[in-house]
1. How many Å³ per residue does the convex hull of the Cα positions in the chain occupy?
2. Regarding segment 4-67, what are the three Cα extents along the principal axes, ordered largest first, in Å?
3. From the cross-link list K73/K110; K69/K110; K40/K99; K45/K90, which pairs have alpha carbons spaced over 28 Å apart?
4. Rank D107, D10 by accessible area, highest first, at a 1.4 Å probe radius?
5. Give me, ordered by chain and number, the residues 5 or more places off L25 or on other chains with an amide H under 5 Å from its own placed amide H.
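The values are calculated or read from the model by the stated rules, or taken from the named source; none is laboratory data. Keep in mind the model is a prediction, meaning the values are calculated, not measured. The accessibility values were calculated without ligands, DNA or RNA, using every heavy atom of the protein model including side chains. Shrake-Rupley method; radii C 1.70, N 1.55, O 1.52, S 1.80 Å.
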Amino acid sequence: MNSGVYDFTDNGKCTQCGACCSNYLPMTQAEIATIHRFMKKHGIKEFKHLFPVSGDAYDMTCPFMDDSKQKEKCRIYPVRPEICRQFICKGDKKPFRMKATRYEVVDVRKEFFGE
Ligand code: SF4
Ligand code: SF4
């Protein structure tokens, strides 16, 4: 951990571990529409990542993240949003720049699977 950020990279290269794959992501309306189309075309299903707990729990991991795999865990990789393309968990990297300004934080599970 460096500067409050865990580094799961291999010398700065993303290992595709999926640890940063959150259920809450900033997206544009265009990105949302593109993902819906991709899901319909490829029959993308929801992935759940619940751990055994005694009470109710909410899955905070992105529902597109297939953690049964070692790599290539993102099931919408070709159309993943800009935030996923740019983010790297390395504290000394330059801050990423989003190309568009109209982002809203999306509850991914709710938006794409209606939960
Ligand atoms: S950017 Fe995300 S997927 Fe890549 S190494 Fe860091 S935590 Fe893992
Ligand atoms: S869309 Fe893909 S890369 Fe982005 S958080 Fe979800 S699983 Fe991870």
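1. Given the Cα convex hull of the chain, per-residue volume reads 132 Å³.
2. 38, 35, 20
3. Among K73/K110; K69/K110; K40/K99; K45/K90, the Cα-Cα distance tops 28 Å for K45/K90.
4. Result of the area sort, largest leading: D10, D107.
5. V106, V108
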